[in-house]
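One structure is given here, and the rest of the page talks about it.
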Amino acid sequence: MSVPSSIAVLTSGGDAPGMNAALRAVVRRSVYEGIRIFGVYHGYNGLIRDEMIEMNVSSVSDILHRGGTILRTARSAEFMTSAGRDKALAALRGRGIEGLVVIGGDGSFRGALELMRLGFPVMGVPGTIDNDIEGTDYTIGFDTAVNTAVEAINKVRDTATSHERTFIVEVMGRDAGFIALAAGIAGGAEVILVPEEGRDLREICRRLTSGLRRGKLHLIVVVAEGAARAYDVAAGVTSEAGLETRVIVLGHLQRGGTPTAFDRILASRFGSAAVAALLEGRAGLMTGVRGDQLVFPELEACLAVRKRLDPELLKLAGILAI
């Protein structure tokens, strides 16, 4: 692969706090290396419609701390067709662009792979609050989303104690329980429900009533949306154990807000590294981190394997909730 003199960057799929920090790093590393950089609005939809603008250092001023993405994001049914991908490729080549950085999650990376198969160099930057991308310990936005959930749990605990109630807190995680597990441990939840494990209502109620017998004034259940609906869990707990429950559904609140310092640094490292990799003639890879070290696993390999929850964390959650 030849060294590109011009690259583009887009954000796709669900937004995540820290995407702007990653975008900033991509743009500034490109300028530092003396190559042209184009921003693509509205993800793959914008790529098909040639919604691009050449960017410079000033284009990404004052965005490091901002949630969301200034390039906007959208899902694209048209890009899923071969005709749509041909349009996207034509738009890139028409502007003389020779490489693309895709900031997003699973679906975004599958789109990137399709461009790779058409011979266009792509680098992936994992940005999703779900942290469900294999090949990296952390994805951009996960830390912020967990902290948002923990802050909510902390506030709920105050009113739960005052009224001696059980609160069911639903967090995001349609297919993976990373947010629920981390927030549940950090928030001191009595029960954590994740999609990766079965749900036993009697066991849930046993844990809750056991806590009450020990003198607890409040009870917290954290449930990932893919494991169960909070209102269903609340109804079951009330019916089975006779406990008064209240429900909090955090929903899209977890996607917004100022990214944490951790996410800003992670995003900055990922964005810069993606540009450097393209300039080294590398493509079809994803930026990731293992421990404190940057890694560059193959996109296809990352998408072929489902990332698993840490079994030691699952065990710890059960121990701490006794």
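The values are calculated or read from the model by the stated rules, or taken from the named source; none is laboratory data. Given the structure is predicted, the values throughout are model-derived calculations rather than measurements. Neighbour counts are summed over all protein chains in view; Cβ atoms, including those assigned to glycine, are modelled from backbone coordinates with ideal geometry.
Tabulated data
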| quantity | calculated |
| --- | --- |
| Residue that is nearest to L243 (Cα to Cα), among those in the stretch 124-160 that are hydrophobic (A, V, I, L, M, F, W, C) and crowded, with 24+ Cβ neighbours inside 10 Å | A149 |
| Per-region count, the stretch 163-187, residues under 15 Å from D130 (Cα atoms) and either crowded, with 21+ Cβ neighbours inside 10 Å or at pLDDT 95 or above (or both) | 13 |
| Of all residues in the stretch 228-247 being among the polar types (S, T, N, Q) and touching a strand residue (DSSP E or B) at 6+ places or on another chain (Cβ under 9 Å), the one that is farthest from A152 (Cα to Cα) | T238 |
| Residues located in the stretch 291-313, provided they are assigned to a helix (DSSP H, G or I) and within 20 Å of the chain's Cα centre (by Cα) | L299, E300, A301, C302, L303, A304, L313 |
| Condition met for D158 (in a loop (DSSP other than H, G, I, E, B), more than 13 Å from G288 (Cβ to Cβ) and not aromatic (F, W, Y)) | no |
| Residues of the stretch 54-97 classified as part of a loop (DSSP other than H, G, I, E, B) and under 27 Å from the mean Cα position of the chain (by Cα), total | 19 |
| Residue match in the stretch 166-187 (condition: charged (D, E, K, R), over 22 Å from the mean Cα position of the chain (by Cα) and under 16 Å from A234 (Cα atoms)) | no |
